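**Student:** What follows is a structure written as structure tokens; I'll ask about it next.
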Amino acid sequence: MSIPIRFLSLFLLIFSSFSIVAQEKNYQYRLDGTYPAVLPGTLSARNVRFTLSWNEKDQTIQGLYSDNFFSSSSPVSGTTSISDRVFNVRFPRIIQGVSNLSITSDGGPVVNGARPAMIFMRDLVSTTLAQTNIIAVTTVSSDEVPPATACDVGFGVLSGYCGIYRGRINELSDSGNRCNLPDYNFGLQFNTDKKINLYFYYNDTTVGIPNHSLGTFLNAPLNNGISMNNRFCGILVGTSFDPDSCKMLSLNGTFSEVGGLRNFRGRYMITEEVSGENCSYDVNVQRELGY
């Protein structure tokens, strides 16, 4: 007995929909957000709501992407590292010149909550037609959540303090007029890999912006104070020290919590090894985004 074509088509549609849902349920991580798409030939931005589900293994990403404009279902590939996580999406058809999408977010362990991301809309030859920075929401599957949070084990009394802190950096001294650190959109990142970085011109993403790395603390602190020292050789952003010289970067200060808001207050010093010239800054920041 033959099956009518219309019933066979309906069966295949239901089966494929079920398969997509089943695949999504097997993904450990999910990223949801909305980004404006201002493309050539358009007069206004189209708000694209998207969902990206994925798994990671050996620094490789495999997943599924869907949105309300470009694609209802597209495969995702990519890579992950300590510094960033890159998702590559190729659409089944070209819409307004866009054939693929690249999404970049901060690296490190994935935890529930908000995280900055950069969206790049590209054509067939990977020319970027439009790009934007957004804040998206990450969800970790409850079946896969590790017993401890990413900012817990090994952090001592600073457990739960990881995140992006925003505020000001004010110059206190400059012995040789060597430093001119920009205070506009200054940020301090306390990462889940125990690294602390200072960022300049921070605007919802740490990808591709100037920074000073203060290194990694190894032991779980017994109090809220930190003392970071990192030797850096080369051109240091915001300074005019000899590019062939080495500099000692030092950050000393204290994390605190007042009225439910977490803060950091301390002193940042840059010292050139050969000349001894140095500059120091007061750092006063408040946590804007927790990890």
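The values are calculated or read from the model by the stated rules, or taken from the named source; none is laboratory data. What you are looking at is a predicted structure, and each value in this text was computed from that prediction instead of being measured. All Cβ positions, glycine included, derive from the backbone under ideal geometry; neighbour counts span all protein chains shown. Areas reflect the complete protein model, heavy atoms only, side chains present, ligands, DNA and RNA absent. Shrake-Rupley method; radii C 1.70, N 1.55, O 1.52, S 1.80 Å.
**Student:** Counting helices only, and only those DSSP H runs with n ≥ 4, report the 222 nm mean residue ellipticity of the chain as the sum of -39,500 (n - 2.57) divided by its residues, in deg cm²/dmol to the nearest 500. Write down the numbers at each step before the final one.
**Tutor:** Numbers: 1 runs with 21 residues, N = 291.
Mean residue ellipticity at 222 nm (helix-derived): -2500 deg cm²/dmol.
**Student:** With angles folded into 0 to 90 degrees, how steeply does helix 5-25 sit against the dominant principal axis of the chain? Use alpha carbons for both and round to 10.
**Tutor:** Result, in degrees: 20.
**Student:** Follow-up question, since we're still on this one. Assuming R0 = 22 Å, can you tell me the calculated FRET efficiency for the pair Cys246 and Ile82, based on Cβ-Cβ distance, to the nearest 0.05?
**Tutor:** Working: r = 23 Å, r/R0 = 1.05.
Result of the calculation: an efficiency of 0.40.
**Student:** Take the alpha-carbon centre of region 182-241, take the same for region 111-138, and report the distance between them in whole Å.
**Tutor:** Distance between centres, Cα-based: 23 Å.
**Student:** Something else now. Stretch Ile135-Arg166 to full length: gain in nm at 0.36 nm per residue minus the Cα-Cα span? Working shown, then result.
**Tutor:** Details: separation 31, 0.36 × 31 = 11.16 nm, distance 1.54 nm.
Residue separation times 0.36 nm, minus the Cα-Cα distance, leaves 9.6 nm.
**Student:** Also: Which whole-number percent gives the relative contact order of the chain, counting Cα pairs below 8 Å spaced six or more residues apart? All intermediate terms of the calculation are to be shown ahead of the outcome.
**Tutor:** On the way: 688 pairs, mean separation 38.1, N = 291.
Reported as a whole number, the value is 13 percent.
**Student:** Now, a different point. Let me have the relative contact order for region 188-255, percent, based on Cα pairs under 8 Å that are six or more residues apart. Present the calculation step by step, with values, prior to reporting the outcome.
**Tutor:** Details: 108 pairs, mean separation 16.9, N = 68.
Over region 188-255, the number comes to 25 percent.
**Student:** For the chain, which cysteines have no disulfide-compatible partner, meaning no other cysteine Cβ under 4.7 Å?
**Tutor:** By the Cβ distance rule, which asks for a partner under 4.7 Å, no cysteine is left isolated.
**Student:** Taking the chain as the region of interest, what is the percent of Cα-Cα pairs per 5 angstrom bin, listed from the shortest bin to the one with the maximum distance?
**Tutor:** The calculated distribution, bin by bin, is 1, 5, 10, 14, 14, 13, 12, 10, 8, 6, 3, 2, 1, 1, 1, 0, 0, 0, 0.
**Student:** In region 37-68, whose amide N lies under 17 Å from the spot 7 Å out along Cα-to-Cβ of Arg90? List them in ranges.
**Tutor:** Only 61-66 pass the distance filter.
**Student:** For the chain, with every protein chain kept in place, what is the accessible area per residue (1.4 Å probe, Å²)? Let's see the in-between values first.
**Tutor:** On the way: 15050 Å² over 291 residues.
Roughly 52 Å² per residue, with all protein chains present.
**Student:** Sticking with this one: Would you look at the GNM of the chain, springs on alpha carbons closer than 10 Å, and say which of Val110, Val137, Val237 moves the most?
**Tutor:** With Cα springs under 10 Å in the chain, the top fluctuation among Val110, Val137, Val237 is at Val237.
**Student:** Using a 1.4 angstrom probe and counting only protein chains, how large is the accessible area of Arg168 in Å², to 10?
**Tutor:** Estimated to the nearest 10 Å², Arg168 gives 120 Å².
**Student:** Follow-up question, since we're still on this one. Quote the FRET efficiency, to the nearest 0.05, computed for Leu43 versus Asp193 with a Förster distance R0 of 51 Å and r equal to the Cβ-Cβ distance. Let's see the in-between values first.
**Tutor:** Numbers: r = 44 Å, r/R0 = 0.86.
The calculated FRET efficiency here is 0.70.
**Student:** As an exercise, use a Förster radius of 30 Å and the Cβ-Cβ distance of Glu288 and Gln62 to find the FRET efficiency, rounded to the nearest 0.05.
**Tutor:** Working: r = 32 Å, r/R0 = 1.05.
Once the sixth-power term is evaluated, E becomes 0.45.
**Student:** For labels at Ser72 and Leu124 in the simple 7 Å Cα→Cβ model, what's the distance in nm?
**Tutor:** 2.5
**Student:** Over region 170-291, calculate the relative contact order: mean separation of alpha carbon pairs under 8 Å at least 6 apart, over the residue count, as a percent. Don't jump to the answer; show the numbers that get you there.
**Tutor:** Details: 255 pairs, mean separation 29.8, N = 122.
Result for region 170-291 is 24 percent.
**Student:** Amide H of Cys162 versus every other amide H placed in the peptide plane: which residues, excluding those fewer than 5 positions away on the same chain, fall under 5 Å?
**Tutor:** Tyr291
**Student:** A follow-up question, please. Considering amide H positions built from the backbone, and no H for Pro or chain starts, which residues 5 or more places from Thr205, or on another chain, come under 5 Å of its amide H?
**Tutor:** none
**Student:** Using C-alpha positions alone, give me the convex hull volume of region 71-227 per residue in cubic angstrom. Please list the in-between numbers first.
**Tutor:** Working: hull volume 23.8 nm³, N = 157.
Given the Cα convex hull of region 71-227, per-residue volume reads 152 Å³.
**Student:** If you count, for each residue, the other Cβ atoms within 10 Å and average over each peptide, how do 153-161, 264-272, 99-107 line up from highest to lowest?
**Tutor:** On the way: 153-161: 16.1, 264-272: 18.8, 99-107: 20.6.
Output ranking for 153-161, 264-272, 99-107: 99-107, 264-272, 153-161.
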